[in-house]
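Coordinate-derived values only; no laboratory data. This one's a predicted model, so the numbers in the text were calculated from it and none came from an experiment. Glycine gets a Cβ as well: all are built from the backbone with ideal geometry, and neighbour counts include every protein chain shown.
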Amino acid sequence: MLKDVMLKKRDAKVKPHLEQYAPVWIVDEALIPADEAILFNVLFQHPEYGWVVRRYRFDAFNSVLYHKGQVAISEESALEMASREPYINVTVSDIPGAYGG
């Protein structure tokens, strides 16, 4: 049950932030029940850096999202990782005034 609550809190915090990069895939995630946290990586095509895998830590207790860095990857690797349904699907391919960071 704690897992479901943590994932709902994470989704409420993360989806508005990552929508600007849609489509976005969750590459992997690890729950850390003792810390009430989730460590996860997402894949998306950044407008300036190309395909990136970005790491986040979500503190469910305090509802805080921490950016833990990103790495650029090849298009070939990205397409392999993006073979399943995205976490956030694209509705508009270019969001005006998107943060871009």
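Tabulated data for the structure shown
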quantity: Residue list for region 21-71, restricted to those being out of contact with any Asp or Glu (no Cβ under 7 Å at 6 or more places or on another chain) and small (Gly, Ala, Ser); calculated: Ala22, Ala30, Ala34, Gly50, Ser63, Gly69
quantity: Within region 10-44, tally of residues that are buried (at least 18 other Cβ atoms within 10 Å of the Cβ) and in a helix (DSSP H, G or I); calculated: 5
quantity: Number of positions in region 38-52 that are farther than 18 Å from Lys15 by Cβ, in contact (Cβ under 8 Å) with a residue 24 or more places away in the chain and not charged (D, E, K, R); calculated: 3
quantity: Cβ-Cβ under 9 Å pairs, at least 6 apart or on other chains, region 1-24 side under 21 Å from Ala82 (Cα atoms), far side basic (Lys, Arg) and part of a helix (DSSP H, G or I); calculated: Val24/Lys15
quantity: Matching option when the condition is in contact with a helix residue (DSSP H, G or I) (Cβ under 7 Å, 6 or more places away or on another chain) and within 18 Å of Val90 (Cα to Cα), among Leu65, Leu2, Leu43, Leu18; calculated: Leu43
